[in-house]
Ligand SMILES: Nc1ncnc2c1ncn2[C@@H]1O[C@H](COP(=O)(O)OP(=O)(O)OP(=O)(O)O)[C@@H](O)[C@H]1O
Ligand SMILES: [Mg+2]
């Protein structure tokens, strides 16, 4: 019988290692493995007490059983002895943790086995809807948006479609997967776009770096580990993990090149190692060189007496490879210039990198240093363009931009409301552009502009912080002025002016997109509702989607009012759109509760309408805004009309 015990070191100790120990009988300890973990505490000593067994069958013979009764001590005893031993050796810095660590893992395994039969991909989206979703967040990159949305959406819809057919795996055999190669400079939305798509589709997403891969692979060092990571992202749901997206960055760094001697063999090796997973292979969940996985396996074997081989199949996993491919342009230029000799065509240079990369052909990639088989497994190509200074400004202006929202939250944590003037955003975009790191530069530029304020203002009595070009240009003087009581009024006025501009901008932003937003949130955005979306956005730290959802929530409350009124009085009130907006207003402005609004409706309408119902048998009444405002007049008119007729 195998017995396993886990040990862990206490915090802030020197025992920063990971050790697997096997004890034979209670005679001694054999150190199996010792991996130093960068001075952070991490130690786990796993022990198994080797009880005699027949390894070829895993079954204990009678002889062995008999023998084991006499020669094998009680695990508790060993635990104690080991405790003493470790105490002596490590001075109390290592202590035994109960085997619960294993049970927990086993529970996880069980969960993953259960999960096998649970959810699979669950979405109902078409490429165009996905593009419009990306439009909310991503500036420019229209070609890439279309390519990625279409191909990723189709890939998963195809899986969904095939899942319904009897022998879906057989149908996939020989099919070519739409793995994607993305090229474009840094910070232009390559990763962001794929992450957003994965998020929207609800498929797990993992990201790795090709430069970290090795040909042979070790834990954390190859694509199979990324596939295993998908399972974690999928909350141990194997089915879902098998429909995930593996995103590998810096793929251009594993291209072998004539100029690079030596390391090339390994680069080609990494490409080869990727071939199978990119197509269709089974990746084992438990790796032999992962001690924790081994422990889990031992524990399961101990409990069930069975070996359990769990795998993730990669046939449906979408692989997306991404890189800057800066040096590829020369190869493309050379080819296209050669081809066009005599035809007078010219390839432009400089900022036209995007146009050049757009002409990327398979032969260029092979010349660049990719194996034919590798390129062949990446049939879809998406090129992202460099962002201009104005694009960076547009990113900042986008009300869904996480960088600005993040900054608002940072200051709100100290009770300070921050707003950015248009000119300040332009200046930040200008500074970010000089960094030449695409939208990545925006974070640096904002941090550089605001750091001193973030240090000082939380300790001062400052409630409103309007960011203007002056603030960015001269932080020292601005801080003094912001903190002086004399200037408080001035800054508050500047703040108010920015809020007015922001409201106007958001209003027109929502107005421009009212159709898509109405569809997406299943709510007709009337002018009144647009006003409220803008108002809500300006008063809270939020994005447009959440602001529309807020109005949608009140809209649903009004629908609930109709139903509740009907169930109380058997009278069907039907509010027209204006009346709905009037009621929404009651929820927002005087902050009336549901019960308060219901009570007012009941006291205004129930008696009068009941009277009409008794006389005429009618029980459906259309209510306008006017009827809500002047209910008595409305009822008098109605009674006169209905009863006297
Ligand atoms: N086109 C864009 N529209 C809006 N925001 C963008 C855009 N491109 C980048 N960003 C912002 O910049 C951040 C970094 O972008 P992303 O991670 O996509 O860069 P990348 O293209 O993958 O670059 P790298 O090659 O350095 O990995 C994103 O999180 C996002 O906030
Ligand atoms: Mg990236």
Against the conditions (1) surrounded by 15 or more Cβ atoms within 10 Å (Cβ to Cβ); (2) out of contact with any helix residue (DSSP H, G or I) (no Cβ under 9 Å at 6 or more places or on another chain), where does residue 428 fall short? Just the number, please.
(2)
Going by what's in this entry, would residue 539 be described as modelled with pLDDT under 95 and surrounded by fewer than 13 Cβ atoms within 10 Å (Cβ to Cβ)?
yes
With the condition being within 13 Å of ligand 1 (Cβ to nearest atom), in contact with a strand residue (DSSP E or B) (Cβ under 7 Å, 6 or more places away or on another chain) and in contact (Cβ under 8 Å) with a residue 60 or more places away in the chain, I'd like the helices (runs of 4 or more DSSP H) fully within the stretch 347-410 carrying at least 1 qualifying residues.
353-358
Residues satisfying the stated conditions in the stretch 389-432, i.e. within 16 Å of ligand 2 (Cβ to nearest atom) and modelled with pLDDT of 95 or more
395
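Determine which member of the set 329, 314, 281, 268 is surrounded by 15 or more Cβ atoms within 10 Å (Cβ to Cβ), away from ligand 2 (no atom under 16 Å from the Cβ), more than 18 Å from residue 222 (Cα to Cα) and at pLDDT 70 or above.
Unique residue meeting the criteria: 329.
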For the stretch 440-471, how many residues meet the condition of being assigned to a helix (DSSP H, G or I) and buried (at least 20 other Cβ atoms within 10 Å of the Cβ)?
9
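The values are calculated or read from the model by the stated rules, or taken from the named source; none is laboratory data. The model shown is predicted, which means the values in this text are computed figures rather than measured ones. So basically every Cβ, Gly included, is an ideal-geometry build from the backbone, and we count neighbours across all protein chains shown.
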